[in-house]
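Trainee: Structure incoming, see below.
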Amino acid sequence: MVFLLQIMLAASGFYAAFGVVFALAFVTVGVKSVDPGAKNGSWGFRLLILPGVAAFWPVLLYRWKSGQHEPPIEQNAHRQTTGRDEAK
């Protein structure tokens with residue numbers, strides 16, 4: 001049981017450490033290519049998104065590597081009912 005907890009703690013540490021390293025790279029270079037609205041973001045904005053980027057680094061890494069430049073269109077019951085499948 002203790003061994004399992006040590007493995008989980010080590011994995012969490014690696015996840016957090018890689019997240020911080022990725023976040024530093026992403027807020028300086030990657031945010032401009034992933035979200036056009038953040039292209040002119042100030043350093044205060046970048047500092048503000050740093051914890052979220054560190055937490056959600058797998059999703060943002062995927063979007064950065066795949067070249068998605070716009071946020072995905074939300075698919076929910078309301079949008080499907082009204083037939084609004086595209087953002088205007």
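Rule-based calculations on the coordinates, nothing more; no lab input. All values reported here derive from a predicted model rather than from experimental measurement.
Trainee: Full-extension gain between residue 8 and residue 20, please, as 0.36 nm times their residue separation minus the C-alpha to C-alpha distance.
Mentor: Length gained between residue 8 and residue 20: 2.5 nm.
Trainee: Over segment 2-65, what lengths in whole Å, largest first, do the semi-axes of the equivalent ellipsoid take, defined as the square roots of 5 times the eigenvalues of the alpha-carbon gyration tensor?
Mentor: 28, 11, 7
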